[in-house]
Every structure is written in C-alpha cells, then in structure tokens.
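The values are calculated or read from the model by the stated rules, or taken from the named source; none is laboratory data. Source: prediction; values computed, not measured. No Cβ is skipped: glycine too gets one built from the backbone with ideal geometry, and neighbour counts run over all protein chains shown. Quick note on the areas: whole protein, heavy atoms, side chains included, nothing else; ligands and nucleic acids left out. Shrake-Rupley method; radii C 1.70, N 1.55, O 1.52, S 1.80 Å.
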Amino acid sequence: GQFYFPRKVAATESKQDIVTCETEYTITDLCEKIKPEDCAPWDRDAVRLAITKATNAEPAYQDWERLMEAVKDNDLY
C-alpha cells in the first residue's frame, strides 16, 4: 500500500519509468538523515526546504538555526 505504480503498465522493473513510495518521517528523523557531511542519497537543501514549508512557522523561522531551536524546544507542530 505504500508503493504507487503507473496504471496499465506491466509490474516488471524494465517497464517502470517512475515508481513512488509514501512514508512518514518526523522532523527529528529527517534531521538525522541529513546530519552527516555525505548524506547521499538525501538532498540536504531539499529536505530543509520541505521541513521549513511543512511547519506552521512564521517568517521568523525561515532561518534554519532558529527553526531547529524551536523544534528542539517542541515549539512547532
């Protein structure tokens, strides 16, 4: 139920151009994924942008360091 395949395409690897997967991560989980210097295959900038957009934060939290302080203090949801 977490993988999505295009309709009317054979379910073989050679016939699939795009397959998507849906999963849930907490902000803490995502921050751990992008913490190492070499965080491949994760795109650090894309993850930070996704976290920033997903918060209920006001423009004051567009600064990554302030956003992480708020997350650690459980001030965001």
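Pairs of lysines 8 or more apart, or on different chains, with alpha carbons under 25 Å: count those in the chain, would you?
5
From largest accessible area down, sort Arg44, Arg66, Arg7; use a 1.4 Å probe on the protein chains.
Arg7, Arg66, Arg44
Please compute the alpha carbon radius of gyration of the chain, then divide it by the globular-protein estimate 2.2 N^0.38 Å. Two decimals is fine.
1.45
Quick check on the chain: helices-only [θ] at 222 nm, where DSSP H runs of length 4 and up contribute -39,500 (n - 2.57) each and the sum goes over total residues. Nearest 500, please.
About -10000 deg cm²/dmol.
Please report the relative contact order for the chain, taking Cα pairs under 8 Å with a sequence separation of at least 6, and give it as a percent rounded to a whole number.
The value is 19 percent.
Determine, for each peptide in 9-18, 27-36, the mean count of other beta carbons within 10 angstrom over its residues, then list the peptides with the highest first.
27-36, 9-18
Please give the length that would be gained between Glu32 and Asp17 if that part of the chain were fully extended, namely 0.36 nm times their separation in residues minus their C-alpha to C-alpha distance (nm, one decimal).
2.4 nm
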